[in-house]
Amino acid sequence: MRTRFLQGLSLLSTGLLAGAFSYGAVNLVPTFNAVPLDMRLDFHAELMKMNGITVQGAMVVSALTSLALSALTRGRTRVLAATAGALTVASFLITRFGNVPINGRIKQWAATAPPADHADILRRWELFNDARTLTAVVAFALLVFLALRETAPSRNSL
């Protein structure tokens, strides 16, 4: 029962994380690039205030539940759950050491003016965003695979 609960919670939290990052990569980033720079900077700075709370919460729950699931299981399930947990931790590290410092700069630019190399810095933020999106989506895919594998009917029951 405890394992099923952890599996469900890890699947939900990792799905929310992957969904949030995917929505950002597919919808927000192209919108950021389509609007005037001052609008992007203002919106980006405001968006990060809310994202800091919700995304970090999803990352913590995802990592902890996936790693706990790996500790309570054996074999291939353990390896896949641990890999999903490690990928979620990678998403956190990419965010913390890649996106967050640039978000701080963007917040400053919104209040003052962007530097001459702002386009390169924004491209770097997008690369970090793509990397954390990929790690979160792969973690979610692994957990979906685990859930489907465990609920699939056996050949003998067919």
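Helix content alone sets the calculated 222 nm mean residue ellipticity of the chain: runs of n ≥ 4 DSSP H residues at -39500 (n - 2.57) each, divided across all residues, give -28500 deg cm²/dmol. Pairwise Cα distances in segment 34-114 exceed 18 Å in 54 percent of cases.
Using the Cβ of residue 8 as centre and a radius below 13 Å, the other residues enclosed give a net charge of +1, where K and R count +1 and D and E count -1.
Answer with a single label: of (i) 46, 34, 33; (ii) 65, 28, 22; (iii) 60, 31, 29, which was calculated as Cα extents along the principal axes in Å from the structure in view? Checking each listed value against the structure points to (ii).
Rounded to the nearest 20, the Cβ-based charge dipole of the chain about its Cα centre (Lys and Arg +1, Asp and Glu -1) stands at 800 debye. Highest GNM mean-square fluctuation among 84, 111, 71, for the chain modelled with Cα contacts below 10 Å: 111.
Positive end of the dipole of the chain (Cβ unit charges, origin at the Cα centre): among 5, 23, 97, the Cα lying farthest that way belongs to 5. Considering only 43, 69, 55, and ranking their Cα positions along the charge dipole of segment 13-158 that arises from unit charges at the beta-carbon of Lys, Arg, Asp and Glu, the one farthest toward the positive end is 69.
Rounded to the nearest 20 debye, the dipole magnitude of segment 102-141 is 140 debye, with +1 charges on Lys and Arg beta carbons, -1 on Asp and Glu beta carbons, and the Cα centre as origin.
Take every Cα pair under 8 Å whose residues are at least 6 apart in sequence, average their separation, divide by the length of the chain, and the relative contact order is 34 percent.
What does the accessible area per residue of segment 15-158 come to in Å², with a 1.4 Å probe and no ligands, DNA or RNA counted?
56 Å²
Remark: segment 106-120, residue by residue, has Karplus-estimated 3J(HN,Hα) of 4, 4, 5, 4, 4, 8, 10, 8, x, x, 4, 9, 4, 5, 5 Hz, where x stands for each Gly or Pro and the curve is 6.51 cos²θ - 1.76 cosθ + 1.60 at θ = phi - 60°.
With the full set of protein chains in place, find how many percent of the accessible area of the chain is carbon and sulfur; take the probe as 1.4 Å. For the chain, the apolar C and S fraction of the accessible surface comes to 67 percent.
Expressed as an acute angle from 0 to 90° and rounded to the nearest 10, what is the orientation of the C-alpha long axis of helix 75-94 relative to the principal long axis of the chain? The angle comes out near 10 degrees. Dipole size of segment 14-98 about its Cα centre, with +1 on Lys/Arg Cβ and -1 on Asp/Glu Cβ: approximately 520 debye, rounded to the nearest 20.
The values are calculated or read from the model by the stated rules, or taken from the named source; none is laboratory data. Treat the numbers as computed from the prediction; the structure is a model and nothing was measured. Cβ: placed from backbone, ideal geometry, glycine included. Neighbour counts: every protein chain shown. Just the protein is used for accessible areas: all its heavy atoms, side chains included, with ligands, DNA and RNA removed. Shrake-Rupley method; radii C 1.70, N 1.55, O 1.52, S 1.80 Å.
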